[in-house]
Amino acid sequence: QVQLVESGGGLVQPGGSLRLSCAASGRTLSLYDMGWFRQAPGKEREFVATISRGDNTYYANSVKGRFTISRENAKNTVYLQMNSLKPEDTAVYYCAARRTTLSDYDQWGQGTQVTVSS
């Protein structure tokens, strides 16, 4: 299994930017498809973005054009660059991994809090 630890969350003003990191250990991250998910208080966890082992990306409509997912395999890290942040982006953001395209995301980090508020 791969262990995942998110970091980079915090308080940011609307319209601002934040970069989240997900550091992997136990296995090389290059073997996995990676995803970012988020969960707001009282809400269900929702999909944000994914990046495949071949660096193909896919985004939820709510973040498309504002967020960018990327990976740096040499550092065993996946990133989520978040621009033009809105209050509705406030949530705990989770990093997740899956072994193949047909697999579930079954390896999860503990999450990092992102709060967008003035």
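Run the accessible area of the chain with a 1.4 Å probe and give the carbon-and-sulfur part as a rounded percent.
That fraction is 46 percent.
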**Item:** Cα-based reach from Lys43 at 29 Å (exclusive), listing lysines while leaving out same-chain residues under 8 positions away
**Value:** Lys64, Lys86
**Item:** Cβ-placed point charges (K, R +1; D, E -1), dipole of the chain about Cα centre in debye, nearest 20
**Value:** 160
**Asked** Quick one: if you stick a label point 7 Å off each Cα along the C-beta vector at Asp104 and Ala23, how many nm between them?
**Response** 2.9
**Message:** Between Ala60 and Ser84, what is the label-point separation in nm under the 7 Å Cα-to-beta-carbon projection?
**Reply:** 1.7
**Request:** Could you do me a favour and compute the accessible area per residue for the chain, 1.4 Å probe, result in Å²?
**Result:** 52
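The values are calculated or read from the model by the stated rules, or taken from the named source; none is laboratory data. Computed from a predicted structure; not experimentally measured. A quick note on method: Cβ atoms are made from the backbone with ideal geometry, for glycine too, and the neighbour counts reach across all protein chains shown. These area figures cover heavy atoms from the full protein model, side chains too; ligands, DNA and RNA do not enter into them. Shrake-Rupley method; radii C 1.70, N 1.55, O 1.52, S 1.80 Å.
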